[in-house]
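The structure appears right after this line, and notes come after that.
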Ligand code: BG6
């Protein structure tokens, strides 16, 4: 284990084709880079690296709720607690796989569950969040999301493809229900949308970095697209005023009407594979 920013413990993985960095705080992947390419993930230069605060950028793990909740931390507590690293191995296909576990004691509600996270660093970045209802009697209901911040060369030369015809809640317009009309989404203002009932792969085209990113997912019925744009960026103390130009979040999970209920003993798996190629 290395000491990362703010003195927080961090694991660094180097494979023949890529590098990755993961903080125990939130089991937070802050960096993934294929050799010869720009980093895949955006990480704010203003991010806090403090125990109990969310890191701004990379892949925050959102669990067991998405968004704000009265008297409780926004986006749940998985991203602000320290996880345990419970395994690390290099597999014959060349990936390094790290396994994390969130201590169950962090849930103030006393719900009984187990949360594991498997990060695979290789030619692609693989992420798998496994939630298990470990209660003998009670159902367990939750939301989850891998809140991925992608680095882009310029948001004005970036498009998001794969959501045409999908219903979404527009958080910028008071959660209005809408249907995506565009095969190719261009971002030119604040965007905060929860797309539901979609398992589709999303593609991002970044004409400035000449890169195409594919977000392939399994066990996920929702996709969230977020860019804070100018005014929100200025309000966020852990985000640079101009950084909205360099990022877009395309998040895979189960949010809102797609929340998950597990019966006692059941597990759910949220899996994401992030791959990139030159345009
Ligand atoms: C997005 C939400 O996923 O996360 C936005 O849809 C929210 O509403 C954003 O502003 C960032 O959230 P936070 O808690 O990390 O500032």
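Ordering 192, 139 by the number of other Cβ atoms within 10 Å of each residue's own Cβ, fewest first, gives 139, 192.
Return the single residue from 60, 92, 16 with maximal mean-square fluctuation; model: Gaussian network over the chain, springs between Cα atoms under 10 Å. Comparing 60, 92, 16 in the GNM, the peak value goes to 92. Overall shape: oblate for segment 182-239, with the ratio a/c of the largest to smallest alpha carbon gyration tensor axis at 1.5 or above and b/c at least equal to a/b.
Largest mean-square fluctuation among 32, 150, 49, in a Gaussian network model of the chain whose springs join Cα atoms under 10 Å apart, belongs to 49.
Sorting 109, 47 from the fewest to the most surrounding beta carbons within 10 angstrom yields 109, 47.
Translational D (Stokes-Einstein, µm²/s) of segment 146-279 at 10 °C and 1.306 mPa s when Rh comes from the Kirkwood sum over C-alpha pairs? Reported coefficient: 103 µm²/s. Neighbour counts of other Cβ atoms within 10 Å put 185, 118, 22 in the fewest-to-most order 118, 185, 22. Ranked from largest, the principal axis spans of the Cα set of the chain equal 49, 45, 36 Å. Sorted on the mean count of surrounding Cβ atoms within 10 Å across their residues, most packed first, peptides 9-15, 128-134 read 128-134, 9-15. Mean residue ellipticity at 222 nm, helices only, the chain: -500 deg cm²/dmol; runs of at least 4 DSSP H residues each add -39,500 (n - 2.57), and the sum is divided by the number of residues.
Of 152, 248, 202, the residue with the greatest mean-square motion in the GNM of the chain, using alpha carbon springs below 10 Å, is 202. Share of pairwise Cα-Cα distances greater than 16 Å in segment 1-112 is 62 percent (whole percent). Using only Cα coordinates, the Kirkwood hydrodynamic radius of segment 125-211 works out to 15.5 Å.
FYI, it's all coordinate maths here, none of it is from the lab. Note that the structure is predicted; figures quoted are calculated from it, not measured. When we count neighbours, we look across all protein chains shown, and the Cβ atoms used for this are built from the backbone with ideal geometry, even at glycine.
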